[in-house]
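Worksheet: one structure, shown below.
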Amino acid sequence: MSKFNFTKTAIEALPLPDKGWIYYYDLKVQGLGIGVGTTGKKSFILYRKINGKPERITLGRYPDLTIEQARGKASEFNSFIANGLNPSELKRGRKAELTFSELFAEYMERHSKRKKKTWLEDQSQFKLYLDKSLGKKKLSSIDRKSIAHVHSSITKAGYAPTANRVKALLSSVFGWAISAGLCEINPVIGIKSNKENQRDRFLQSDELPRFFKAVAEEPNSMIRDYILISLLTGARRSNVLSMRWKDINFDRAEWRIEETKNGTPQTVPLSPEALEILQSRKLSESAIFVFPGSGKAGHLMEPKKGWKRILERSGIDNLRIHDLRRTLGSWQAKTGASLAIIGKSLNHKNQNTTAIYARLDLDPVRDSVNKATSAMLTAAGLKDSADVAKLKKI
């Protein structure tokens, strides 16, 4: 067994064997060796007897792994051996360890899809914010610093509330993983959430003409119609995205949502303008979704790019798709609707007013929605009579 003090000069001067590999060993660290192949490749190894059996453990390729790094790794493995552990078994265990992407897939199938009405939002957040940053990482390598970096990156991009939602999702994933025996710690614990101010943003009178003009000029008809239906119904984003033809009753001018975020069903009155848009979209009796998509869900998933185009054309800042929901409610208030009517039309779940909502029938809600729609379109310069505004032909 040839031994010498490993140096860069000495290692690079090692002769090539005639066949196979030849091994040399370091004088400084027990068991540390370097193998030289016939092609000139060199790899660090650790050669030790463990439980009476010789084990040769590959540490890494030289010069990708430096001499000092190899010595450090070998010393770490020697420490494991001294404590009765087998480094080979530890390495095999690390290879078998789940990545975050694999853990998230387990979480979706075994928990989110079964118990959360918002599972599509979980899936969307993973694709947008977590897949690239954490997806390929082994669970043991994800620590509080890793999570803090994700949270900070989203915050710095200008999405502080979204950063908090993603942090909450991560905490839910790791919390479930602990209960399922897939990991032992939740690295999200201890990371502070961003302070959130309640938004009161909605489309103002002077913004409406620019907004409707920008929507009408949107080349993607699905995005255009999705934005308009979101505004005219005040429904939540996920419900509009997954809107199904079978839930729409054109005769009664109603859209029945069987499951909402609140866990309660909702009947949404459809204004004449909303009906006109929907009737123009229904091209096939076999279609399932109003806004179909090519992904697994079968419907449109992410309208962010189209929304950005509309805002750029309109010159409107700091407006989110969810603000369209608030816009309808605000215009209902402007046109004299009571808080109870607004709450029922937007399906707000409030313990203090739930009983009142339950006693309201749909007619005053419909009148309020139609009145608010008419007021918005009049302010936009699109309507000055009882006629249905042609929103697509501005």
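Where helices (runs of 4 or more DSSP H) fall wholly inside region 59-140, the ranges with 1 or more residues that are over 30 Å from D26 (Cβ atoms) and modelled with pLDDT of 85 or more are 100-107, 119-125, 131-134. In summary, strands (runs of 3 or more DSSP E) completely within region 1-58 and bearing 3 or more residues that are free of Cβ contacts under 8 Å to residues at least 24 places away in the same chain occur at 21-26, 32-37, 42-50. When S330 is tested against (1) without any contact (Cβ under 8 Å) to a residue 24 or more places away in the chain; (2) out of contact with any Pro (no Cβ under 8 Å at 6 or more places or on another chain), exactly one condition is not met: (1).
Annotation: S75 fulfils all but one of (1) polar (S, T, N, Q); (2) farther than 22 Å from E184 by Cβ; (3) touching a Leu at 6+ places or on another chain (Cβ under 8 Å); the unmet one is (3).
Residues that are part of a helix (DSSP H, G or I) and of a type in the set (G, A, S) within region 149-174 comprise S152, S153, A160, A163, A168, S171, S172, listed in sequence order. Counting residues in region 13-35 that are modelled with pLDDT of 90 or more, touching a Pro at 6+ places or on another chain (Cβ under 9 Å) and more than 30 Å from L182 (Cβ to Cβ) gives one or more. Is it true that some residue in region 265-274 is in the same structural domain as S330 (by TED's automatic domain parsing), surrounded by 18 or more Cβ atoms within 10 Å (Cβ to Cβ) and of a type in the set (D, E)? Yes, region 265-274 has at least one match. When each of F174, F202 is tested for being under 28 Å from L300 (Cβ atoms) and not acidic (D, E), the lone residue that passes is F202.
For region 302-322, the tally of residues that are over 21 Å from N239 (Cα atoms), hydrophobic (A, V, I, L, M, F, W, C) and in a loop (DSSP other than H, G, I, E, B) stands at 1. Here E102, E68, E97, E109 are screened, and the one residue that is free of Cβ contacts under 8 Å to residues at least 40 places away in the same chain, among the charged types (D, E, K, R) and over 30 Å from K261 (Cα atoms) is E68. Please work out which residue is surrounded by the most Cβ atoms within 10 Å (Cβ to Cβ), limiting yourself to region 121-161 and to residues that are among the hydrophobic types (A, V, I, L, M, F, W, C) and farther than 23 Å from L182 by Cα. It comes out as I154. The listed residues are E109, E184, E102, and the only one of them that is over 16 Å from the mean Cα position of the chain (by Cα) and either on the phi > 0 side of the Ramachandran plot or surrounded by fewer than 16 Cβ atoms within 10 Å (Cβ to Cβ) (or both) turns out to be E184. Figure legend. Inter-residue proximity from region 342-354: first residues surrounded by 15 or more Cβ atoms within 10 Å (Cβ to Cβ) and hydrophobic (A, V, I, L, M, F, W, C), second residues assigned to a helix (DSSP H, G or I) and modelled with pLDDT of 50 or more, beta-carbon distance below 7 Å, spacing 6+ or different chains. Indicated pairs: I342/G329; I342/Q332; I342/A333; L346/R325; L346/G329. Here Y62 meets each of (1) closer than 30 Å to G298 by Cα; (2) of a type in the set (F, W, Y); (3) crowded, with 18+ Cβ neighbours inside 10 Å with one exception, condition (1).
The values are calculated or read from the model by the stated rules, or taken from the named source; none is laboratory data. All values reported here derive from a predicted model rather than from experimental measurement. A quick note on method: Cβ atoms are made from the backbone with ideal geometry, for glycine too, and the neighbour counts reach across all protein chains shown.
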